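Report on the following structure.
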Amino acid sequence: MTDLDATPPRPWPVLRLNSFRAKFLIVVGGAVLFDLLVGGGVALWNVNRLSRDATHQIESGLTKASQEYLQNYIETTALRADLLFGRMHSEVTALAASMQRLIDYPEAKDAIGRALAKNPYFNAPLAYDATGNWVQTRQGSPSVMSVWGYLLSADHQPKPEILRDIQESAIFDIFGTSQMSTGAKKLQVYYVGPKAGPIMRTIPYSDQAQTFDKLYPGHDKANFWDFFFPGVYEGWEGWIREPDSRPVKGDDITATAPYIDAITGKLIVSFFHPLWTKDRSNVAGMVAADVTLDQLADIVESVKVADTGFGFLTMSNGNVLAIKPEGEKMLGLKIASGAAGQGVTGLDRSLKKSTHATVAALELPADDKTVIKHISIEENGKAQPYIVALRRLNPVNLWNSTGSITAETLMLGFVVPEREIYASLLAAQQSISSATNRILITQVIAVIVSLLIVFLAVFGISKRITAGLSALAGAAKRLQAKDYSVRVSIPTRDEVGAVGVAFNRMAEQISFHTENLEQLVDERTRELGDANQEISALNEKLRDENVRLGAELAVARQIQMMVLPKQFELEAIPGLEIAAYMRPADEVGGDYYDVLQNGSRVKIGIGDVTGHGLESGVLMLMVQSVARALQETDEANPHQFLDRLNRAIYKNIERTNTDKHLSLAFLDFEDERVTLSGQHEDVLVVRADGEVERIDTIDLGLPVGLENDISKFIATRDILFGSGDVIVLHTDGVTEAENHERKLFGFERLSQSVQRRHGSSAEDIKTGIIDDLMAHIGIQKIHDDITLVIIRHT
């Protein structure tokens, strides 16, 4: 018993600062306090950092997803608008082709005109209007035929040459009626004669001349072309002189800017197609179709992004043609209608005249790429952020009121408030902030409670710990004085008690070894002998393990060879002969090739994993499995195919913690087309006449598994592949094979080997190349996997 043990218990014992117990309390308590403060501080810092990182990740992911959604949505909507314009172009072109055919064959045109003149349905009588000084067919005719006063003779009847054009153009009633009843919805179609006789035949029937008299006074005193569409006729004449002067190359159709139709009062777009004289030396008139902007407006107004997002359609000068009323108000647009008078009147609703400075300064895209901009629009005296997506439509020849024909590209725009796009982000930020505050409060409380508990516990056990240590210190001094009979008695079962037990055993062993050293040497000798026997047994087990691993490698090699394409698969591909050869350098190789067929699509892949052996072979099997899965999902886009395969392989490489990657290229065959994608060895093409082409793949991709996203590096190249042509795919094990002089087989020897046999079957070409390669290698060791694929177009 120590003096401390004999002292009566006291509630709060007085400690000497130089005592071990006081030092123990100070050191342990200080260490615990420091640890709790540091741990708590790190935990709080990590919570705050986690909150920031989570918010940033959500924001970046949501921004990317929103931009991709807007881009896909606006591109789809633009395609719908382009399709509407494309349908109108096709229908007007077909109508013009029918009329042009009659112009090119005047005998047929004259005969048809005379035949139709005998039929009262196509030869409706013309009635003269003295007030307007024009003649026009009566109600009930298939079309309304208007002849202006300056084309009439003194008896108020069409001049002979005009009458002939009226008769010969009656066939338009058949063509035009057919076009009106089919295809895209049209307001009207019409035929206008040449400048010397601009009669006007319109389907369906309407009070055409009467409406013109009312809305366009004086129109019958000037030539139709010069009054209504000045400059368009002269522009077409310029196309005859210089065919390349068309603003949109190869397109004869001229569209008007949207204007208010005189007859219906609707905002329309006219599509003109000029007619040419037989010798193509002059303009012979035109056929045209009018389409209301309702159809385009339906496409634009059907756009719905988030809750209040909307779409609009504008010309390249910023004049907005279609937009919802709410969107018009949001963008601060004002409508200014053109003054009635000569020609046609249009719609003036320009972005540049917006009441919002940011909208007025908005720059429209100058190319065919989708542009996403961020602007601020003032609402209730406060600037609100908005996202604007812009996309150009296909260009058209546009006649404008200045009398010129220029290339015009309409623009499609989407507008959506950022607050609606990022609504989920704001909610997530609030949730994260609330959770962070709760964690902070909980952490502070836990630190305080932990400090109290630890100090009470340390104070309570300090006496027991120090008592045992004091006993150990005394016993150690006696042992130092060679009193090997010393023993300590520590009743506690903690670590100090364990140290006491260990001390007693150590004292016993010291005493025992001191007295029995020679016997101990003999025992150690026997122990060494036993250890030697154990080592021998372990060596035997190691040999057995090597045999087992060899068997496992053989199984892996067998699995690898099993997934290669079978001969019956290759023979089942129509139009192609395919022969392949693979030889691993080790038990398991890292080369890859496969031939995948899904319907009419055939995909041939070849690749080379870095290194060789079991890890490379496993990665090769991963590539084969992923490629097969993507082919079976009908992934026909070579770019998407290679991108998705790379993402899957990259994640598997991360999981397996290897440093492997591979070069990989694919050939896609479909409908006599060949598309090459991915980065690998150069592709060799031998034409049917023996000409050799070498195709570099360095710019078509990036090694697979090296980066998570290689989409921006992936490109494709189309290869002409005719009958008798041969394509050779190989890995570097072919071209880098060495002979006894350490010279490489090389690409030139490979090209010569194929060229000598290009007229043979794919199997014969493969066999010949392998024979040449093995002859070059001789007795040298093969250091790399060898893979060769021959494709011949039958």
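Side notes on the structure shown:
- When Ala78, Ala96, Ala22 are screened for being surrounded by 13 or more Cβ atoms within 10 Å (Cβ to Cβ), at pLDDT below 80 and either outside the structural domain of Glu418 (by TED's automatic domain parsing) or not hydroxyl-bearing (Ser, Thr, Tyr) (or both), only Ala22 passes.
- Unique residue being closer than 16 Å to Thr675 by Cα and either buried (at least 22 other Cβ atoms within 10 Å of the Cβ) or in contact with a His (Cβ under 6 Å, 6 or more places away or on another chain) (or both) when the list is Ala665, Ala580: Ala665
- Qualifying residues in region 586-610 (those that are of a type in the set (Val, Ile, Thr) and buried (at least 24 other Cβ atoms within 10 Å of the Cβ)) - the one nearest to Leu630 (Cα to Cα): Ile604
- Residue list for region 104-137, restricted to those being surrounded by fewer than 16 Cβ atoms within 10 Å (Cβ to Cβ), of a type in the set (A, V, I, L, M) and part of a helix (DSSP H, G or I): Ala108, Ala111, Ala115
- Every residue from region 295-322 that is under 27 Å from Asn400 (Cβ atoms) and free of Cβ contacts under 8 Å to residues at least 24 places away in the same chain: Asp298, Glu301
- Applying the criterion of at least 1 residues that are polar (S, T, N, Q) and at pLDDT 90 or above to the strands (runs of 3 or more DSSP E) found wholly in region 330-426 leaves 371-379, 382-392, 396-399, 405-408.
- Some residue of region 468-476 being within 30 Å of Asp252 (Cα to Cα), modelled with pLDDT of 75 or more and of a type in the set (Gly, Ala, Ser): no
- Residue check, Glu693 free of Cβ contacts under 8 Å to residues at least 12 places away in the same chain, assigned to a loop (DSSP other than H, G, I, E, B), of a type in the set (Asp, Glu) and surrounded by fewer than 18 Cβ atoms within 10 Å (Cβ to Cβ): no
Rundown of residues vs (1) modelled with pLDDT under 95; (2) among the aromatic types (Phe, Trp, Tyr), yes/no style:
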{"site": "Val618", "(1), (2)": "yes, no"}
{"site": "Met622", "(1), (2)": "yes, no"}
{"site": "Arg628", "(1), (2)": "yes, no"}
{"site": "Gln631", "(1), (2)": "yes, no"}
{"site": "Phe641", "(1), (2)": "no, yes"}
{"site": "Asn646", "(1), (2)": "no, no"}
{"site": "Tyr650", "(1), (2)": "no, yes"}
{"site": "Arg655", "(1), (2)": "yes, no"}
{"site": "Thr658", "(1), (2)": "yes, no"}
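- Qualifying residue in region 295-307 (condition: buried (at least 19 other Cβ atoms within 10 Å of the Cβ) and farther than 18 Å from Leu412 by Cα): no
- Scope region 751-774; condition under 13 Å from Ile786 (Cα atoms) and within 40 Å of the chain's Cα centre (by Cα); matching residues: Lys766
- Residues satisfying the stated conditions in region 266-283, i.e. among the small types (Gly, Ala, Ser) and in contact with a strand residue (DSSP E or B) (Cβ under 9 Å, 6 or more places away or on another chain): Ser270
- Condition met for Val488 (modelled with pLDDT of 75 or more and closer than 18 Å to Val32 by Cβ): no
- Of the residues making up region 257-294, those that are among the hydroxyl-bearing types (Ser, Thr, Tyr), surrounded by fewer than 21 Cβ atoms within 10 Å (Cβ to Cβ) and in a strand (DSSP E or B) are Tyr259, Thr292.
- Ser66 among the small types (Gly, Ala, Ser), touching a residue at least 24 places away in the same chain (Cβ under 8 Å) and more than 28 Å from Thr177 (Cβ to Cβ): yes
Here's the yes/no breakdown for (1) assigned by TED's automatic domain parsing to the domain that holds Val609; (2) outside any helix (DSSP H, G or I); (3) at pLDDT 95 or above; (4) surrounded by 19 or more Cβ atoms within 10 Å (Cβ to Cβ):
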{"position": "Leu729", "(1), (2), (3), (4)": "yes, yes, yes, yes"}
{"position": "Gly733", "(1), (2), (3), (4)": "yes, no, no, yes"}
{"position": "Glu741", "(1), (2), (3), (4)": "yes, yes, no, no"}
{"position": "Glu748", "(1), (2), (3), (4)": "yes, no, yes, no"}
{"position": "Val754", "(1), (2), (3), (4)": "yes, no, yes, yes"}
{"position": "Thr767", "(1), (2), (3), (4)": "yes, no, yes, no"}
{"position": "Asp772", "(1), (2), (3), (4)": "yes, no, yes, no"}
{"position": "Lys781", "(1), (2), (3), (4)": "yes, yes, no, no"}
{"position": "Asp784", "(1), (2), (3), (4)": "yes, yes, no, yes"}
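The values are calculated or read from the model by the stated rules, or taken from the named source; none is laboratory data. Since the model is a prediction, treat every value here as computed from it, not as a measurement. Backbone-built Cβ (ideal geometry, glycine too); neighbour counts: all protein chains shown.
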